[in-house]
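The values are calculated or read from the model by the stated rules, or taken from the named source; none is laboratory data. Just so it is clear, the structure is predicted and the values come from calculations on it, not from any experiment. Glycine also receives a Cβ, built like all others from the backbone with ideal geometry; neighbour counts cover every protein chain displayed. Heads up: the accessible areas ignore ligands, DNA and RNA and are worked out on the full protein's heavy atoms, side chains in. Shrake-Rupley method; radii C 1.70, N 1.55, O 1.52, S 1.80 Å.
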Amino acid sequence: MPLGARPGQSPQLRELRQSVRRLLGLDDDTAVVIRQLACAEPGCPPLETVIAVLPMNGQARRWALHTTAEEITEDDLRTALLTPSPEGA
Amino acid sequence: MTTPTPEEPRDERVPVTVLTGFLGSGKTTLLNRILTEQHGLRIAVIENEFGEVGVDDALVLDSEEEIFEMNNGCICCTVRGDLIRILGALMRRREKFDHILIETTGLADPAPVAQTFFMDDEIAAQLRLDAIVTLVDAAHVLQHLDEVKPEGVENEAVEQIAFADRIVLNKTDLVDESAIAEITDRIRAINSGVQIIPAQHAEIYLPQVLDVGAFDLERVLAEDPSFLTETEHQHDTTVTSVGIDLTGELDEERLNRWLGTLLRTKGVDIFRSKGILALAGAPHSVTELATEVGMEQSAVSHQLRLLRTLSLVTGRRDGRNRLYDGHAAQFLDQAVHHIEHLRLGIRGTP
């Protein structure tokens, strides 16, 4: 949520979350958290989108895409998620 | 334009109480009270440790503390993975309960628990962190606070007090009045605004800790009107608080940069921050407008309803709040000016 935003579901994030579920074939018990965060690393764009997938049983996984959630295309998402070695928890 | 309604809509999100406190402070006793007392609430409990909760029909789930970093090494972005999983599953059984209570282990860091409710828009849209309730053992708290930890290791007792919205000062029967006064001073030095509830055997009036809306600014102000203006604080040698009070509006981008730098350089030293920000161009809530024009909230609400009816301002509803453009404050100022002049028999414009 950007600063000053009130709780409410963003349609973009909801769509992104659905795409993550579809691409990874996740069940309903698996939580998907998507958050735009300010990146502190030098050379990084100011906002990155962090996607976390937390299955009820099993290892949590996390991906960071160095762009805003709005700019992520289905192709970007597919490439990132299906890369063999995601960043672990 | 939004149609005026006599009452603001209710916040339908499920309230969540986080129960924390040092080992042996009486969390399980309080939890048992909450679960057995006839308050009419159906409470789902998420437990971090094996308590001796023997309550029929209560929805009790166990979880193992799992700290999850949302990005690399950023202290401000840690959430509780176990809670995210369980809360997601619970929300699919939304109709079975009215309230969620999370009991954490005596050694749990409250920060990732609290951040879990603000980190994800899906969770924030369905759940509302109502209050962090910390139990304190009057007989042992000073010893825990004074315990010197090795470099880099947090003192959990200090953190749990720093994060609390309500402190139940339990086991007061085991200490004398001077000790209670000293403990109260020490608690206030760490967390000056916190409400302290003295208790024996965790016996308290439950509405003091359940559904108190401690994270809801309007309710905080109703209880403590000086919350926004009070900047006098006592100082502890280890934990202090800083208040920043500015007039005017903030540039969101510059504020974000400043906060980013602050968190990057001082993140590990900051327990908690609270604030009301007037962002340039951002909508204002009734509370903010009331502060801006120096009127009572009820009077501001009334005036805004009239202005809405006249199509002079528009407000959009967001949960229980209604948000207005910045120029609503200007209108209110003008309205107050006119009223004062009319009362004095003067006609004119501001």
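So the values come out like this:
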read-out	value
Any chance B:SER25 is buried (at least 17 other Cβ atoms within 10 Å of the Cβ) and modelled with pLDDT of 80 or more	yes
Scan of the range B:98-120 for residues that are open to solvent by less than 10 Å² (accessible area, probe 1.4 Å) and either modelled with pLDDT of 90 or more or of a type in the set (D, E, K, R) (or both), ordered by number	B:HIS99, B:ILE100, B:LEU101, B:ILE102, B:GLU103, B:ASP120
Residue in the range B:123-132 that is farthest from the other protein chains (Cβ to nearest Cβ), counting only those that are crowded, with 20+ Cβ neighbours inside 10 Å and out of contact with any helix residue (DSSP H, G or I) (no Cβ under 7 Å at 6 or more places or on another chain)	B:ALA131
Checking B:THR237 against (1) out of contact with any strand residue (DSSP E or B) (no Cβ under 6 Å at 6 or more places or on another chain); (2) among the β-branched types (Val, Ile, Thr); (3) at pLDDT 65 or above, the condition it does not meet	(3)
B:GLN143 more than 30 Å from A:GLN12 (Cα to Cα) and either open to solvent by 10 Å² or more (accessible area, probe 1.4 Å) or outside any helix (DSSP H, G or I) (or both)	yes
